[in-house]
Amino acid sequence: MNCALHIHTHLSDGMHAPEEIISAYQRRGFACVAITDHQYMTRPDYYERLELLGRKFSGSVMVLPGIEHDYEPWNYHHLLEIRGVRETLRVLCHPRAYYLTPEQISARVAAAPFPIDAIEITHRGFYTAEYDVSSIALPKIATDDAHELYDLGRGWIETENFSDPDLLLRAIKAGEFTAKFA
């Protein structure tokens, strides 16, 4: 099961409608996508729209609702929050954008007022090996942080085929996946 876990649509700063980008991932063989638009740009009905998308694509693509927060105490560091039914996955986004060392990342994770479940080891879909290290004690996911169609399929995770979003999120938290790169 190929999963894209960091996708933007025109519901924030992406270039395409959610249906268009989900369909594009589907054509590329993805069985799971997380729509994670920027929190500060979304409308009040954002999650309701994602719920409708989930129903529309039900049976063909698992659509996970998510959001990308700007965490102010860390100078607006981006954090993904991806929701299942009961589970929530929190991901520290693209650390290269903040020029953090692995030690600084570990310190942030240890001091966070909420659990950080994983870290991206990609920046706009390109592998950042300096964060794929054992000193960062988190599962390391690959994402493409897609904003346009040409961003699709640069980084993703591959895991067993889950039909339940909570089981999928628990597997990611446990590191039961493989990071993949184009």
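Would you please put 93-106, 22-35 in order of how densely packed they are, using the mean number of other Cβ atoms within 10 angstrom per residue and starting with the highest?
Descending mean neighbour count gives 22-35, 93-106.
Suppose only helical runs count, i.e. DSSP H with n ≥ 4. What mean residue ellipticity at 222 nm does that imply for the chain under -39500 (n - 2.57) per run, divided by all residues and rounded to the nearest 500 deg cm²/dmol?
Rounded to the nearest 500, it is -6500 deg cm²/dmol.
Give the percent of DSSP beta bridges with both residues in the chain that are antiparallel, rounded to the nearest 5.
Bridges in the chain are about 55 percent antiparallel.
How far is helix 18-27 tilted, in degrees, relative to the longest principal axis of the Cα atoms in the chain, given as a value from 0 to 90 rounded to the nearest 10?
Helix 18-27 sits roughly 90 degrees off the main axis of the chain.
Out of every Cα pair in segment 38-89, what percent are spaced more than 18 Å from each other?
Taking all Cα-Cα pairs of segment 38-89, the fraction more than 18 Å apart is 40 percent.
So, counting K/R as plus one and D/E as minus one, what does the shell of residues with Cβ under 15 Å around Pro102 add up to?
-1
What does the charge dipole of segment 90-175 about its Cα centre add up to, to the nearest 20 debye, if the Cβ of each Lys and Arg holds +1 and the Cβ of each Asp and Glu holds -1?
280
Just to check I understand the Karplus step: with θ = phi - 60° and J = 6.51 cos²θ - 1.76 cosθ + 1.60, what whole-Hz values come out for segment 61-75, glycine and proline as x?
Karplus-based 3J(HN,Hα) across segment 61-75 equals 9, 7, 9, 9, x, x, 8, 10, 8, 9, 7, 4, x, 9, 6 Hz.
With a point put 7 Å past each Cα toward its Cβ, work out how far Thr42 is from Tyr150 in nm, to one decimal.
2.8
Please state the Cα pair-distance histogram of the chain with 10 angstrom bins from zero: what percent is in each bin?
The calculated distribution, bin by bin, is 10, 42, 38, 10, 0.
Every read-out reported here was derived from the displayed coordinates using simple, explicitly stated rules and does not represent laboratory data. Note that this is a predicted model, so its numbers are computed, not measured. When we count neighbours, we look across all protein chains shown, and the Cβ atoms used for this are built from the backbone with ideal geometry, even at glycine.
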